[in-house]
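What follows is one structure encoded as structure tokens, with my remarks underneath.
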Amino acid sequence: MTGGRDLLGYGDQRPDPNWPADARLALSFVINVEEGAELSVSLGDERNEAVYEVVEEVTGAPDPCKDSHFDYGTRAGYWRIMELFDRYDMPATMNCCARALELSPWLGPDARARGHEISCHSYRWERHAGMDEVHEKSVIDRAVSAIRDSAGVRPVGWHTRSAPSPNTRRLLVEEGGFLYDSDHYNDDLPFILPVGDRPHVVLPYAFDTNDMRFQRQGGFTHADDFARYCIDAIDWLWEEAGRRGPSMMSIGLHLRIIGRPARIAGLEMVMAHIRKRGQIWVTRRDAIAHHWRSLNGLPEWRGVD
């Protein structure tokens, strides 16, 4: 450990994850639901969100341009993405900001009916770095309550936008209902961290195999830019499984980004390749976390209701 960071991880002694059906790769699609949870003066927030596709920040006044860019995600993108997941019969984890579900109360029940996991992406779409502990605890509690009310289920997974605070993971464990979090980007396999006296599952996430790279010269322009990058990662990990053992991969999606008609074909290319490849366990993140606990000899996880 260096400065609290583990720079070695599993090293050259990676554990065999023993994925179901002898899969060479566990792959989770994470669909981020943020529409209406972004900072917006029109919703009473202190300022407007600055991170989106139009590179212009409006200060001191509502920004209908930015608002409507986010609104596209629920009005059009969601349905296009869900049609594709239904067609390929693949489950996903819906990484939901609680306020987004409050403003679109139909979305959580619809996603659940399609077999997708409802995970938590905080209450608003904001970083937790710099939050004081009392405020952050109230944000976590409010997010859990709001998702339970709007989606009909409490979330068992958590992912902070950008940086968490030094207290985030401890507060999640103390809350008692979180099976895992995804606030690390440091590995191709899950791992267990002791938090106080409790073992906690961490499922690393990824910003490279992620449609966010369509924004602000992130490297993706055409649909097949996204597809080629994700497929290259899939193929490398699939082949590497024969030498170093199976691993895990995350693909991050956003309703307002991959849901655009010029980009959605890239997602279909990835899904078609997964189906053709075979021996890939496409699953929800809660399923991976449960599997990882069992693999490590931990008792069946039972969180608070």
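The values are calculated or read from the model by the stated rules, or taken from the named source; none is laboratory data. The structure displayed is predicted, hence computed values, not measured ones. When we count neighbours, we look across all protein chains shown, and the Cβ atoms used for this are built from the backbone with ideal geometry, even at glycine. Side chains are part of the model used for accessible areas, which takes the heavy atoms of the whole protein and leaves out ligands, DNA and RNA. Shrake-Rupley method; radii C 1.70, N 1.55, O 1.52, S 1.80 Å.
Here are the numbers for the structure shown:
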{"quantity": "Members of the range 46-66 found to be of a type outside the set (A, V, I, L, M, F, W, C), open to solvent by 20 Å² or more (accessible area, probe 1.4 Å) and within 30 Å of E117 (Cβ to Cβ), listed by number", "calculated": "E53"}
{"quantity": "Test: residue in the range 40-56 that is β-branched (V, I, T), closer than 26 Å to R142 by Cα and within 19 Å of the chain's Cα centre (by Cα)", "calculated": "yes"}
{"quantity": "Qualifying helices (runs of 4 or more DSSP H) (wholly inside the range 230-305; at least 3 residues being loosely packed, with under 14 Cβ neighbours inside 10 Å)", "calculated": "264-277"}
{"quantity": "Residue match in the range 272-285 (condition: under 19 Å from the mean Cα position of the chain (by Cα), closer than 19 Å to S182 by Cα and among the hydrophobic types (A, V, I, L, M, F, W, C))", "calculated": "yes"}
{"quantity": "Check on E102, touching a residue at least 60 places away in the same chain (Cβ under 8 Å), outside any loop (DSSP other than H, G, I, E, B) and acidic (D, E)", "calculated": "yes"}
{"quantity": "V202, sole failed condition from (1) aliphatic (A, V, I, L, M); (2) closer than 18 Å to M94 by Cβ; (3) in contact with a Phe, Trp or Tyr (Cβ under 6 Å, 6 or more places away or on another chain)", "calculated": "(2)"}
{"quantity": "Residues that are among the acidic types (D, E), in a loop (DSSP other than H, G, I, E, B) and within 29 Å of I257 (Cβ to Cβ), drawn from the range 181-203", "calculated": "D183, D187, D188"}
{"quantity": "Leading residue by the ranking (nearest to P204 (Cα to Cα)) among those in the range 8-44 that are surrounded by 12 or more Cβ atoms within 10 Å (Cβ to Cβ) and among the polar types (S, T, N, Q)", "calculated": "S28"}
{"quantity": "Flag for A206 being under 26 Å from C96 (Cα atoms), within 19 Å of the chain's Cα centre (by Cα) and not in a helix (DSSP H, G or I)", "calculated": "yes"}
{"quantity": "Pair list, Cβ under 8 Å, 6 or more apart: the range 219-238 residue over 11 Å from I251 (Cβ atoms), other residue open to solvent by 20 Å² or more (accessible area, probe 1.4 Å) and acidic (D, E)", "calculated": "G219/D225; L237/D188"}
{"quantity": "Within the range 119-149, considering residues that are part of a loop (DSSP other than H, G, I, E, B) and within 14 Å of E102 (Cα to Cα), the one most open to solvent (accessible area, probe 1.4 Å)", "calculated": "R124"}
{"quantity": "In the range 150-178, residue nearest to H128 (Cα to Cα) [restricted to those that are part of a helix (DSSP H, G or I) and either among the β-branched types (V, I, T) or touching a residue at least 40 places away in the same chain (Cβ under 8 Å) (or both)]", "calculated": "T168"}
{"quantity": "Meets criteria (within 19 Å of Q215 (Cα to Cα), touching a helix residue (DSSP H, G or I) at 6+ places or on another chain (Cβ under 6 Å) and either free of Cβ contacts under 8 Å to residues at least 60 places away in the same chain or assigned to a helix (DSSP H, G or I) (or both)) for G77", "calculated": "yes"}
